[in-house]
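Novice: One structure is given below, represented as structure tokens, and several questions about it will come after.
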Amino acid sequence: MKHLPGFRMVLLFALTLAWLRAEDVTIDSGLYPVAAAAQAVWRPMKGSVPVVPAEVQGRAALRLPCNFAGTTIERASWDRTVALDLAGCRGLQFEFFCTNLAPVTQFRIYLQSGEGWYAASFQPELENAWHTITVPKSALKPEGRPAGWDRITTVRLSAWRGQDTDTEFCVRELRRTGVLGQDASIAVLRAESLIRALPREGRSVEQYTTAMTEGLAAAGLGCATPSDLEVTAAQLQAARLVVLPYNPTLPPGAVAALLEYLKAGGRLLAFYELPAELRAAAQLEFGGLTRDEEKRGRFAAMHFAAGAVAGAPAVVAQRSWLVREAKAATDAGRVLAEWRDEQGRPSGAAAVIATPNCIFVTHVLLNDDRVNKRRMLLALAGQLVPELWAQSAAASMAKLGRVGGAQNFEAAVALIAAQAAAQPRVQTALDEAKALHDRARQALAAGKFIDIMEHAAATERRLLEAFCLAQRPQADEFRAFWCHSAFGVQGQSWDETIRRLADAGFTAILPNMLWGGVAFYPSKTLPVAAEVTARGDQIAQCLAACKKYGVQMHVWKVNWNTGHAAPAEFRERMRQARRLQWSAKGEEEPWLCPSHPENQALEIAAMVEVARDYDVTGLHFDYIRYPDSEHCFCAGCRARFGQIAGVEIVRWPQDVLAGGARREAWLEWRRSNITAVVRAVSEQARAVRPGIKISAAVFRNWAKDRDGVGQDWKLWCERGWVDFLCPMNYTESDRQFDAWITMQQAWAGKTPVYPGIGESASNSRLSADRVIGQIEIARRHRTGGFTIFNLGSTESRELLPLLSLGATAKP
């Protein structure tokens with residue numbers, strides 16, 4: 001089905017949605033008649049100067065002066081009292097303008113709620129130009145004890161000092177975004193109830209909800225993210241589609257709201273789990289969970305039946321470890337896709353099931369195979385609500401050409417042509433992209449929405465390939481990937497993984513082979529992971545491949561953190577011996593306490609063992625720090641610090657907290673515990689294997705983090721204990737990435753800095769052209785190399801081939 005029926009209906013839907021977007025969602029327009037009116041609403045914090053109304057490039061705005069010259073304020077900040085309910089929206093947006101960003105290290109927005117705040121950083125990219133800042137709720141992290149998104153009482157804007165130079169910024173049109181009935185027609189229900197009941201599930205909720213919202217946004221579909229604790233039937237009336245990305249439990253109120261929504265003709269897209277009442281309403285029957293017990297790729301991909309879902313890819317890769325047994329309860333339902341293994345053999349398990357009012361996917365949506373995953377998501381949404389195709393098609397056409405900093409197709413073609421210097425391969429790719437673009441425009445004129453999506457996707461891909469072909473490699477460069485899995489890329493042997501890495505022009509890998517409480521090789525120092533019995537010595541396998549293909553191997557150790565794979569008996573033994581960390585609030589953390597002599601000895605012995613037993617290129621520290629400023633305050637720390645200080649610490653921990661009498665001595669002592677391990681490993685590893693390289697993944701801001709987490713990496717560089725650093729500069733802001741490298745090189749001195757690029761980090765996701773952009777920034781700083789996080793199946797199969805076309809091409 002290429003030409004969807006009901007063209008007039010979908011056109012009317014699109015026009016109606018555009019009108020709804022014009023409705024008022026504004027919190028503060030920035031338009032004030034006089035200064036007194038603005039200053040009555042926006043109150044400066046102590047040391048900051050008042051706001052003033054302004055007109056900038058023909059737009060009314062608020063001017064917020066940052067008086068850093070001649071002052072000692074850490075930040076310039078302003079508060080605005082509000083009474084906001086943000087429970088049902090996706091986040092905030094505002095227009096931003098600044099002529100000089102350099103004096104500011106970071107901008108932050110804070111939302112007060114009850115006895116706490118939600119806070120997030122934002123980093124503008126442009127100077128002397130208005131642009132839109134979007135802050136999703138997923139980026140706003142709780143501080144203290146906020147009362148909920150429906151009780152926001154204060155908005156605070158802050159600019160944190162970076163230089164002793166005055167600057168100013170302007171804002172206007174502060175507004176909610178992702179509001180049902182306004183700029184959103186899809187509700188993605190966020191499992192806040194699960195986070196409240198089981199805080200450890202917060203990361204999973206965040207991952208799966210964000211994957212869903214980002215996938216829908218990439219398709220041009222506006223979505224809201226109401227909390228399952230606060231959602232109502234009245235809210236859902238404005239939703240054309242409700243999505244449950246990961247909601248293994250739902251509060252009674254949410255269940256009732258969803259039942260009423262479905263009864264009224266609503267449509268549901270659900271993943272992995274549904275409460276019993278909703279299964280009946282969605283005409284589904286559930287069984288148990290089927291696991292891939294041997295982790296051999298039984299559920300490696302979803303294969304769609306031919307013609308089952310218009311616009312869906314034939315195959316969507318996803319290595320799931322378990323799936324929900326489910327089937328349609330009536331003959332009106334059917335299986336749209338099934339799980340198959342790595343060889344394409346049927347597993348016997350359904351992957352996607354459709355009923356008249358619901359599509360159910362039998363596992364959560366993971367981050368691999370992102371391109372096909374997003375096509376699948378759009379196709380499923382379009383199957384349930386055909387009107388969404390019109391909206392997505394228009395958005396896809398509008399965003400074509402956003403590559404390498406260009407904002408439209410024509411600008412992208414011009415940019416790539418200028419970079420290519422008449423290279424035939426690049427010109428061929430550009431010609432093909434232009435032809436595909438013409439087909440997409442013809443399909444748009446004909447209202448053939450699925451054809452538009454196919455041609456637009458092909459245009460985007462060919463244009464990206466042209467951009468990658470136009471790039472140039474740099475000789476004699478350290479090019480590395482971190483690999484978080486000790487078993488390498490799922491579905492590949494270490495030999496295949498390293499061969500792909502070498503073919504793409506990369507020179508090094510940093511594989512995570514040991515933690516504070518577990519090793520993935522036959523260690524005599526640490527507990528050995530159970531999987532090693534069946535899957536073998538992972539250092540040996542990776543090292544053999546690295547030797548074969550000429551790739552450096554720097555073994556990555558997660559220090560102190562015992563790790564999820566650490567045996568329970570090991571952790572219990574550490575607990576009984578009082579060797580685990582405790583927070584200032586008296587809560588246990590499953591990290592080894594760095595001040596405990598036996599823990600220091602264990603960390604040192606484990607890393608030196610690797611250097612002694614394996615001919616690796618280097619050892620790589622990670623987590624070589626405390627978790628945060630709230631650790632460690634165990635009884636052992638109190639006694640050991642008191643012994644060093646020569647006094648009994650009576651007011652514990654108050655005397656070592658901010659403002660305490662022993663604060664400075666405490667901070668120095670914390671740093672010394674971490675540094676002692678770095679020094680000992682460096683000296684002993686070099687003694688047992690001369691020429692071995694010592695490196696570390698470090699936090700970005702040495703000046704702050706030496707106190708916050710005890711990581712004094714500037715000292716390590718000065719003393720020669722590390723051969724290079726990999727600061728984890730994970731950001732989607734090129735300007736911030738650039739500024740961090742400038743600071744880090746100054747602190748590191750002669751020690752090379754190979755900045756970490758967060759292609760798939762928790763707080764940054766970068767497309768291939770954005771990765772290339774940050775590689776080029778590193779090259780402008782003459783760093784001599786870079787390190788990318790993280791090597792997974794998407795990076796191995798999609799990113800590496802694109803980088804190898806130009807940026808990291810082999811001679």
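Novice: Those residues that are of a type in the set (Asp, Glu), surrounded by fewer than 23 Cβ atoms within 10 Å (Cβ to Cβ) and closer than 20 Å to Trp721 by Cα, I need them from the range 593-648; list them, please. Spell out how you get there, then give the answer.
Specialist: As a first pass, look at the range 593-648 and keep what is of a type in the set (Asp, Glu): 598, 603, 609, 613, 615, 622, 628, 630, 648.
Then keep just the ones that are surrounded by fewer than 23 Cβ atoms within 10 Å (Cβ to Cβ); that gives 598, 609, 613, 615, 622, 628, 630, 648.
Matches in the range 593-648: Glu609, Asp615, Asp622.
Novice: If you go through the range 251-278 one residue at a time, how many are open to solvent by 30 Å² or more (accessible area, probe 1.4 Å) and either farther than 22 Å from Gln207 by Cβ or out of contact with any His (no Cβ under 6 Å at 6 or more places or on another chain) (or both)?
Specialist: Filtering the range 251-278 down to residues open to solvent by 30 Å² or more (accessible area, probe 1.4 Å) leaves 252-253, 256, 259-260, 263-265, 267, 272, 276-277.
Those still in the list that are either farther than 22 Å from Gln207 by Cβ or out of contact with any His (no Cβ under 6 Å at 6 or more places or on another chain) (or both) too: 252-253, 256, 259-260, 263-265, 267, 276-277.
Residues that pass the stated criteria total 11.
Novice: Can you find even one residue in the range 388-402 that is open to solvent by less than 50 Å² (accessible area, probe 1.4 Å), under 24 Å from Arg291 (Cβ atoms) and not hydrophobic (A, V, I, L, M, F, W, C)? Give the derivation first.
Specialist: Of the range 388-402, the ones open to solvent by less than 50 Å² (accessible area, probe 1.4 Å) are 388-393, 395-397, 400-401.
Narrowing the set further to residues that are under 24 Å from Arg291 (Cβ atoms) leaves none.
No, that holds for no residue.
Novice: I've got another one for you. If I filter the range 226-237 for residues that are among the acidic types (Asp, Glu) and over 19 Å from the mean Cα position of the chain (by Cα), do I get at least one hit? Give the steps one after another, and end with the answer.
Specialist: Here is the first cut: in the range 226-237, the ones among the acidic types (Asp, Glu) are 228, 230.
From what is left, the residues that are over 19 Å from the mean Cα position of the chain (by Cα) are 228, 230.
Yes, the range 226-237 contains a residue that is among the acidic types (Asp, Glu) and over 19 Å from the mean Cα position of the chain (by Cα).
Novice: Still on this model: In this structure, is Arg651 open to solvent by 40 Å² or more (accessible area, probe 1.4 Å) and assigned to a helix (DSSP H, G or I)?
Specialist: Numbers: open to solvent by 40 Å² or more (accessible area, probe 1.4 Å): yes; assigned to a helix (DSSP H, G or I): no.
No: the conditions fail for Arg651.
Novice: Do the conditions hold for Ala281, that is, is it closer than 27 Å to Pro386 by Cα, open to solvent by 70 Å² or more (accessible area, probe 1.4 Å) and hydrophobic (A, V, I, L, M, F, W, C)? Break it down into steps so the answer makes sense when it comes.
Specialist: Working: closer than 27 Å to Pro386 by Cα: yes; open to solvent by 70 Å² or more (accessible area, probe 1.4 Å): no; hydrophobic (A, V, I, L, M, F, W, C): yes.
Here the answer is no, as Ala281 does not meet what is asked.
Novice: Here are some conditions: (1) under 29 Å from Arg472 (Cα atoms); (2) touching a His at 6+ places or on another chain (Cβ under 9 Å). Leu430 meets all but one. Which one does it not meet?
Specialist: For Leu430, the failing item is (2).
Novice: I would also like to ask the following. Are there any pairs, at least 6 apart or on different chains, whose C-beta atoms fall under 8 Å, with the first in the range 393-405 and under 21 Å from Gln419 (Cβ atoms) and without any contact (Cβ under 8 Å) to a residue 40 or more places away in the chain and the second open to solvent by less than 50 Å² (accessible area, probe 1.4 Å) and not polar (S, T, N, Q), and if so, which?
Specialist: Pairs found: Arg402/Ala412.
Novice: List the residue pairs whose Cβ atoms are under 6 Å apart, where the first residue sits in the range 323-338 and is assigned to a strand (DSSP E or B), the second is surrounded by fewer than 21 Cβ atoms within 10 Å (Cβ to Cβ) and of a type in the set (S, T, N, Q), and the two are 6 or more positions apart or on different chains.
Specialist: Val323/Thr290; Glu325/Thr290; Ala328/Thr355
Novice: Taking the options Ser158, Ser113, Ser138, name whichever one is under 23 Å from Thr232 (Cα atoms), open to solvent by less than 20 Å² (accessible area, probe 1.4 Å) and hydroxyl-bearing (Ser, Thr, Tyr). Please lay out each step first, then the result.
Specialist: Details: Ser158 fails: under 23 Å from Thr232 (Cα atoms); Ser138 fails: open to solvent by less than 20 Å² (accessible area, probe 1.4 Å).
Sole residue among the options that is under 23 Å from Thr232 (Cα atoms), open to solvent by less than 20 Å² (accessible area, probe 1.4 Å) and hydroxyl-bearing (Ser, Thr, Tyr): Ser113.
Novice: Now a separate question. Counting just the residues of the range 363-396 that are among the aliphatic types (A, V, I, L, M) and in a loop (DSSP other than H, G, I, E, B), which one comes out farthest from Ala300 (Cα to Cα)? Walk me through how you get there before you give the answer.
Specialist: If we filter the range 363-396 for residues that are among the aliphatic types (A, V, I, L, M), which is where we start, we get 364-366, 371, 376-381, 384-385, 388, 390, 393-395.
Next cut, in a loop (DSSP other than H, G, I, E, B) only: 364-366, 385.
On the way: Val364: 13, Leu365: 13, Leu366: 12, Val385: 28 Å.
Step by step, filter the range 363-396, then rank; the result is Val385.
Novice: Of Trp515, Trp494, which residue is touching a Gly at 6+ places or on another chain (Cβ under 9 Å) and within 30 Å of Cys634 (Cα to Cα)?
Specialist: Numbers: Trp494 fails: within 30 Å of Cys634 (Cα to Cα).
Result of the check over Trp515, Trp494: Trp515.
Novice: Continuing with the same structure: Here is a check on your reading of the model: is Val352 among the β-branched types (Val, Ile, Thr), open to solvent by 10 Å² or more (accessible area, probe 1.4 Å) and modelled with pLDDT of 95 or more? Spell out the reasoning first.
Specialist: Numbers: among the β-branched types (Val, Ile, Thr): yes; open to solvent by 10 Å² or more (accessible area, probe 1.4 Å): no; modelled with pLDDT of 95 or more: yes.
No; evaluated as a whole, the condition is false for this residue.
The values are calculated or read from the model by the stated rules, or taken from the named source; none is laboratory data. Everything numeric here is computed off the predicted structure, so don't read it as measured data. A quick note on method: Cβ atoms are made from the backbone with ideal geometry, for glycine too, and the neighbour counts reach across all protein chains shown. Remember, those area values only see protein heavy atoms, side chains included, never the ligands or the DNA or RNA. Shrake-Rupley method; radii C 1.70, N 1.55, O 1.52, S 1.80 Å.
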